[in-house]
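Notes follow once the structure below has been shown.
Laboratory data are not the source of any read-out in this text; all were calculated from the coordinates shown. No experiment lies behind these values; they were computed from the predicted model shown. With ideal geometry, Cβ positions are generated from the backbone for all residues, glycine too; neighbour counts draw on all protein chains shown.
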């Protein structure tokens, strides 16, 4: 094996039994780690394949998980069929939250993993074992969505030491049945930082944007457009070039331009009926208009 083929990294695969979501978070000193390591299928499970990564662990692993096999059964079969098993590392979580992790005896130190209910954390060429321990402990103790727990675990792993060679890329993959854009696909989150000085922190920033643009608004975030709010929105729309002053009093034009702004800024999921607006949209518009002043 050549060193250039090695994906030396730390990752965590996880499952949320309440939301029926599966996911993977990963970081590495490797270009575009998200294009190789994370694999997940709604209703089946998730896989992280790394070290001298064998992508068959992703494709075939998901096929076996979809057949109802447990994480350990899938791991045992994949490893048994792989002549390069000594340099592989993999973490798997199945449809029921069962988990398994494997580290070949020739993976570069420090290398190892921890598996527990609904998660498996692993890494190689790490500063020490504290990275994997921090990921496991953080995932189990953190509240929030699966994505938030995986991200917090990844950050904890980095802060505990992370990849001993440095930083370059990170990724987050979450799947849920019908959880993707428009409810047509299962991939609800697929974020990648391919080359960055602080990839994990950049991944957090992208996740924040993803929540802003694609998360369904909460009931408490829906505002009635009263006179004061209408005046502020109109002022911002004028500042941003959407609304002409001569149309300021025309409700039909005002709401047409408000919708146009939301569509241009990709707030498709947050558009409300006439007379209402999402407060996240209002806050975003305030910030954007302030920059134009």
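With the crude spin-label approximation of a point 7 Å out along Cα→Cβ, what separation in nm comes out for residue 59 versus residue 214?
Simple spin-label model gives 2.4 nm for this pair.
Label-point separation (nm) for residue 201 and residue 142, each offset 7 Å from Cα along Cα-to-Cβ?
1.6 nm
Calculate how steeply helix 279-292 sits against the longest principal axis of the alpha-carbon atoms of the chain, using the helix alpha-carbon long axis, and give the answer as 0 to 90 degrees to the nearest 10.
80 degrees
Which whole-number percent is the relative contact order of segment 3-214 (Cα, under 8 Å, 6+ apart)?
Working: 591 pairs, mean separation 50.0, N = 212.
Reported as a whole number, the value is 24 percent.
By how many degrees, 0 to 90 and rounded to 10, does the Cα axis of helix 130-141 deviate from the longest principal axis of the chain?
50 degrees
Between residue 177 and residue 287, what length in nm is gained on full extension when 0.36 nm per residue of separation is reduced by their alpha carbon distance?
Working: separation 110, 0.36 × 110 = 39.60 nm, distance 3.46 nm.
Gain on stretching residue 177 to residue 287: 36.1 nm.
Based on alpha-carbon centroids, what's the gap between segment 246-278 and segment 184-236 in Å, whole number please?
Computed from Cα coordinates, the inter-centre distance equals 17 Å.
Would you please state which residues of segment 121-141 a label at residue 109 would reach in this model, taking the label point 7 Å out along Cα→Cβ and a backbone N cut-off of under 13 Å?
Under 13 Å, as judged by backbone N against the label point of residue 109, lie 125-129 of segment 121-141.
Counting helices only, and only those DSSP H runs with n ≥ 4, report the 222 nm mean residue ellipticity of the chain as the sum of -39,500 (n - 2.57) divided by its residues, in deg cm²/dmol to the nearest 500.
Details: 8 runs with 104 residues, N = 293.
That calculation yields -11000 deg cm²/dmol at 222 nm.
So, R0 is 45 Å and r is the distance between the beta-carbons of residue 77 and residue 266; what FRET efficiency does that work out to, to 0.05?
On the way: r = 43 Å, r/R0 = 0.95.
After rounding to 0.05, the efficiency reads 0.60.
Once the mean 1/r over all distinct Cα pairs of the chain is inverted, what Kirkwood radius in angstroms do you read off?
Numbers: mean 1/r = 0.0489 Å⁻¹.
Hydrodynamic radius (Kirkwood, Cα pairs) of the chain is 20.5 Å.
Sort segment 143-244 into rounded, prolate or oblate with this rule: let a ≥ b ≥ c be the square roots of the eigenvalues of the Cα gyration tensor; rounded if a/c is under 1.5, and if a/c is not under 1.5, prolate when a/b is larger than b/c, oblate otherwise. Working shown, then result.
Numbers: a/c = 2.54, a/b = 1.86, b/c = 1.37.
Prolate is the answer for segment 143-244, as a/c is 1.5 or above and a/b outweighs b/c.
Rounded, prolate or oblate, given the Cα gyration tensor of segment 54-194, with a/c below 1.5 counting as rounded? Before the final figure, lay out the partial values.
Values: a/c = 1.61, a/b = 1.08, b/c = 1.49.
Cα axes put segment 54-194 in the oblate bin.
For a test of the definition: using alpha carbon positions, the gyration tensor, and the 1.5 limit on a/c, classify segment 124-196 as rounded, prolate or oblate. Show your work: numbers first, answer last.
On the way: a/c = 3.43, a/b = 1.67, b/c = 2.06.
Oblate, since a/c reaches 1.5 and b/c is not below a/b.
Tell me the angle of helix 199-214 to the major Cα principal axis of the chain, expressed in degrees between 0 and 90 and rounded to the nearest ten.
The two axes meet at around 40 degrees.
GNM, the chain, Cα, under 10 Å: largest mean-square fluctuation among 283, 27, 109?
Greatest mean-square fluctuation among the candidates belongs to 283.
Hey, what's the Kirkwood Rh for segment 219-292 if you take every pair of different alpha carbons, in angstrom? It would help to have the intermediate numbers written out before the result.
Numbers: mean 1/r = 0.0821 Å⁻¹.
The Cα-based Kirkwood calculation yields 12.2 Å.
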